[in-house]
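Report on the following structure.
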Amino acid sequence: MREKKNIDLTIGDSVREKKIIEDLIKDKSGLLYSTELLISIILLVFILGIISNLSDDLNEKVLSEEEFSSLEDISIKTCDYLLNNPGNPENWEENENLNNGIVSSNIIPGLAIKNKKIENNQFYSKSSNDEKVITNTISYNKLIKIKNNYNQLITTNLFNNSFKSSIAIYPLNNKIRPITMGYGFDNNFGDENNEEGNIIVVNRTVKCDFYSNFVVYNFNDYELFRDDYKRDEICNHDTNPNLTNHTSDIRTFWLCKNFRVYKKSLEEYDFYLLSDESIKNSNSYWILESLNRTNNNKERLNQEIIDLNPFFREDLENSSNEIYSIHFNTPKNNINDFKTVLVAIPKNMTNNLIANDELKYDYFKSQEVNFLLKMRYK
């Protein structure tokens, strides 16, 4: 067997070095070693190149302190704008093109609510200062319009395609579902590298009106006065000798309200009596009557949803409008379980509310929510 040559690379003699090189050229084993060395060097250069590229890429993705501070400032100002301004134009959510995904570039969305004067002459009349923004309250209708047109309204119109963002509301009432929209919910907000460090999250606690603007009467909105509530309306049962008197006694009290319904309104609205699930424990009774169809018979109030449309349609068949009275008799020791509202819902919304399981008492009250805005640079 052929022995391998021992080579001393420390010898400085030029002749010896020349002989060593010549031996390497002639020696197949030496050629093998030099080929392995060359391959190792190539692999090392390749690996160093990859590491260098990854390092450069990561350096580009990590925001500088100045950039991060700027993003934080923009996020806070954007959140404050959305919550405290109705948008431009103020009634932008009423643009019918939004229902078809057609968004004007002139719309800058906002979620704040302004008091408005309402005189529809259909089922109720209400007026208030139409100049003042309702503080710390956002519009559910505007929120849904943004959700359905998020990319155009927020990414393009508000941010000019410079940011990725998402909006969410998380109701404190767990009977109401959260609403999420934008990047980060249907896909990874950070992207494939999950750059959570480059994301700003702004959180505010505000009220959302949900469907409260469709409430004709909130029967819990009364002022208790000693053993009774402070009446601001006359009950027809107290003045008609043929009807049972509705004066409260030591155990129960009567809550009585009057309202007008126009026949035309039945073509546009659906009327419901909605109660919290606790109504089944309240031991309450109710009466619905018109001036021409009075009633002494109390019915147990134990349903969360009562459709009033059949009653109104029958009663208004030969009349253009009618004044109705609704009466509730509730034990004073169960008053906290009595939570009921009368609502008038636009007919084009009713089926959607039923399908989404939103025809519920809680959705027709303003509710506290956590409002979250997430932002990052594109």
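Here, each number is a calculation from the coordinates, and none is a lab measurement. Nothing here was measured: the structure is a model prediction, and the numbers come from that model. When we count neighbours, we look across all protein chains shown, and the Cβ atoms used for this are built from the backbone with ideal geometry, even at glycine.
Highest mean first, the peptides 327-338, 235-246 sorted by other C-beta atoms within 10 Å per residue fall in the order 327-338, 235-246. In whole Å, how far is the Cα centre of the range 247-265 from that of the range 294-357? For the range 247-265 versus the range 294-357, the Cα centre distance is 11 Å. Sorting 80-86, 103-109 by their mean Cβ neighbour count within 10 Å, with the most densely packed peptide first, gives 80-86, 103-109.
Filter the cross-link list K132/K257; K114/K207; K114/K142; K298/K360; K114/K339; K77/K114 down to pairs whose alpha-carbon distance in this structure exceeds 18 Å. Too far apart for the 18 Å limit: K132/K257; K298/K360; K114/K339; K77/K114. Taking only the Cα atoms of the range 214-357, the radius of gyration and Dmax are 15.5, 47 Å.
Each residue of the range 288-297 was assigned a 3J(HN,Hα) from its phi angle through the Karplus expression (A = 6.51, B = -1.76, C = 1.60, θ = phi - 60°), giving 10, 8, 10, 5, 8, 9, 6, 8, 9, 8 Hz with x at Gly and Pro.
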